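Colleague: I have a structure I would like to understand better, so I am pasting it below and will then ask my questions one at a time.
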Amino acid sequence: MESPDLLASMKEIAEAAAIALAAATSSDQVREIEISFIGKRGSLADISSELRNLDADAKRTVGEALNSIRSEISSNAESVRTSLREQERMLRLQSERRDLSEFLVDRHDSLGSIHLISRTRAELEDVFVGMGFSVEDGPEVETEWNNFEALNIPRHHPARASQDSFFLKFGEQDSVVLRTHTSPTQIRVMQAQEPPIYAVMPGRVYRRDTADSRHTPAFHQIEGLVVDRGIGFGDLAGTIETFTRAYFGPEINSRLRPAFFPFTEPSAEFEITCTICGGTGCRTCSGTGWIELGGCGMVHPNVFKAVGVDPEEWSGFAFGFGIDRCAQMRHSVSDARIYLDNDIRFLSQF
Ligand code: PHE
């Protein structure tokens, strides 16, 4: 081939290489194009094999052109490769992208809230757990034995009448009952654990009461039980007072008044300063300045006997009070029936 022909075909090769590189879509393709144009067996290699047939002048002209085309293709390839690699990197980053952004949910609108009774129960548990008590659970459907008999309330005892019960049609007549208080859980705990025992037992209880502003047929109590060596009435009074201040605040006090429960002896009712008037007397506390919260006393020896705890070695106290009543006092809820109403205007305040 003559040198003008060689120069012309080099120009074609250069153009073809430029077009191929412009169309390349990956760095691998760029590499293939480079090899096919400027590689050992590429298009330009054919040209350089023709060089030796040229005279010195033509050899120089064609040789220089060859070099400059080779380096042009190679630098063109390099820049295409760089930009393709950058594109490939962007694509990879895009595909590996994870959306870690948070977004705000309007919790009150969409998620609802914990019922005031559940919240109060949890807060009461916290207070007692802070005092070293464990939290125990018992069933709402109880045997007559656990709910009454083992608690020293025999069949014809008037105390059964004062806790009008819902009996279930199950087994022997009147042998299964919706528990009327959380005290049967005391029995279960003493049967399951050896003393020393420091436990609270919250839960729902049922009584055949007509609903009014302070009573509903289903309500909640939290029971307390301590069994240890040398436990006295002072420990009971101190525990009640400590709880009262921890839950209601330092300006609220407790007091005990003699009362009767078959399963404790001596027994007391415990009252706290009326939270509505602060103790000066108002309609809620009937002018007395005190509100009754629950009952308590020293565990009766007959109860210890029923569960096989030796009353010579161990002594203890128990208490039980209304969770609903606590919430009523703490949040000035005027009517307890609202707990069961499912009124969103009430529920969403807590
Ligand atoms: N169980 C009693 C009630 O429901 C309260 C109570 C519990 C009294 C423990 C004394 C000891 O009224």
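Colleague: What residues qualify as long-range amide H neighbours of Gly281, i.e. H under 5 Å apart, gap of 5 or more or another chain, H built at 1.01 Å from N?
Modeller: Gly289
Colleague: Next up: Measuring from the lowest to the highest alpha carbon on each principal axis, how far does the stretch 205-247 reach, largest first, in angstroms?
Modeller: Dimensions of the stretch 205-247 along the principal axes of its Cα atoms: 41, 23, 13 Å.
Colleague: Along the stretch 302-310, what does the Karplus equation 6.51 cos²θ - 1.76 cosθ + 1.60 (θ = phi - 60°) give for ³J(HN,Hα), rounded to whole Hz, x for Gly and Pro?
Modeller: The phi angles translate into 5, 5, 4, 5, 4, 10, x, 9, 6 Hz.
Colleague: Rg/Rh for the stretch 177-270: what does it come to with C-alpha atoms and Rh from Kirkwood?
Modeller: Rg divided by Rh gives 0.98.
Colleague: Using the C-alpha atoms of the stretch 116-347, what convex hull volume per residue, in cubic angstrom, is computed?
Modeller: 126
Colleague: Return one quarter of the surface area of the convex hull spanned by the alpha-carbon atoms of the stretch 59-186, equal to its mean projected area, in nm².
Modeller: Averaged projected area of the stretch 59-186's Cα convex hull equals 20.7 nm².
Colleague: Let me ask something else about it. Going through the stretch 266-350, which GluC sites (Glu not before Pro) have at most 15 other Cβ atoms within 10 Å and a DSSP loop state?
Modeller: Listed in order of number, the matching sites are Glu312, Glu313.
Colleague: Another question, if that's okay. By the 4.7 Å beta carbon criterion, which cysteine residues of the chain come out unpaired?
Modeller: Cys296, Cys326
Colleague: Placing unit charges on C-beta atoms (Lys and Arg positive, Asp and Glu negative, everything else neutral), compute the dipole magnitude of the chain about its Cα centre in debye, rounded to 20.
Modeller: 560
Colleague: Right, here's the next one. Output wanted: per-residue J couplings in Hz (rounded whole) for the stretch 181-197, from phi through Karplus 6.51 cos²θ - 1.76 cosθ + 1.60, θ = phi - 60°, x for Gly and Pro.
Modeller: These are the phi-based 3J(HN,Hα) values: 7, 8, 4, x, 5, 3, 4, 4, 5, 5, 6, 8, 10, 7, x, x, 10 Hz.
Colleague: Please list 3J(HN,Hα) in residue order for the stretch 83-98, calculated via the Karplus relation 6.51 cos²θ - 1.76 cosθ + 1.60 where θ = phi - 60°; whole Hz, with x for glycine and proline.
Modeller: 6, 5, 4, 4, 4, 4, 5, 4, 4, 5, 4, 4, 6, 8, 5, 10
Colleague: I need two numbers for the stretch 274-350: Rg to one decimal and Dmax as a whole number, Cα atoms only, in Å.
Modeller: 18.5, 54
Colleague: Sticking with this structure for a sec: What FRET efficiency comes out for the pair Thr288/Glu123, r = Cβ-Cβ distance, R0 = 25 Å, nearest 0.05?
Modeller: 0.45
Colleague: Check Phe317: other-chain or 5+ apart residues with amide H under 5 Å from its amide H, H built from backbone geometry?
Modeller: Counting only residues 5 or more places away or on other chains, the set is Val226, Val299.
Colleague: Could you name the aspartates and glutamates whose alpha carbon sits less than 16 Å from that of Lys40, not counting residues in the same chain fewer than 8 places away?
Modeller: Glu32, Glu50
Colleague: How large is the Rg to Rh ratio of the stretch 111-227 when both quantities use alpha carbon positions and Rh follows Kirkwood?
Modeller: Reported Rg/Rh (Cα atoms, Kirkwood Rh): 1.00.
Colleague: If amide H atoms are built 1.01 Å from N in the plane of the peptide, which residues on other chains or at least 5 residues away come under 5 Å of the amide H of Leu293?
Modeller: Answer set, sorted by chain and number: Phe270, Glu271, Ile272.
Colleague: Can you tell me the FRET efficiency between Ala16 and Ser83 if r is taken as the Cβ-Cβ distance and R0 is 30 Å, rounded to the nearest 0.05?
Modeller: After rounding, the FRET efficiency stands at 0.90.
Colleague: Based on a Kirkwood Rh over C-alpha pairs, give the Stokes-Einstein translational diffusion coefficient of the stretch 263-318 at 20 °C and viscosity 1.002 mPa s in µm²/s.
Modeller: Diffusion coefficient, whole number: 165 µm²/s.
Colleague: Taking N as the number of residues in the stretch 1-105, what is its alpha-carbon radius of gyration divided by 2.2 N^0.38 Å?
Modeller: Here the answer is 1.59, to two decimals.
Colleague: Also, quick follow-up: Tell me what the chain gives for mean residue ellipticity at 222 nm when only DSSP H runs of n ≥ 4 count, each as -39,500 (n - 2.57), the sum divided by the residue total, rounded to 500 deg cm²/dmol.
Modeller: Taken over the chain, the calculation gives -14000 deg cm²/dmol.
Colleague: Another question about this same structure. Calculate the length of the line joining the C-alpha centroid of the stretch 272-350 to that of the stretch 70-106, in whole Å.
Modeller: Cα centroid to Cα centroid, the span is 68 Å.
Colleague: Once the stretch 58-124 is represented by equal point scatterers at the alpha-carbon sites, with solvent omitted, what log10 I(q)/I(0) does the Debye formula produce at q = 0.23, 0.26 Å⁻¹?
Modeller: -0.99, -1.05
Colleague: List the residues of the stretch 274-294 whose backbone N lies under 11 Å from a point placed 7 Å from the Cα of Ser213 along the Cα-to-Cβ direction.
Modeller: Zone members listed by number: 283-286.
Since every read-out is calculated from the coordinates, none of them should be taken as a lab result. Just so you know, these numbers come straight off a predicted model, no measurement behind them. Neighbour counts are summed over all protein chains in view; Cβ atoms, including those assigned to glycine, are modelled from backbone coordinates with ideal geometry.
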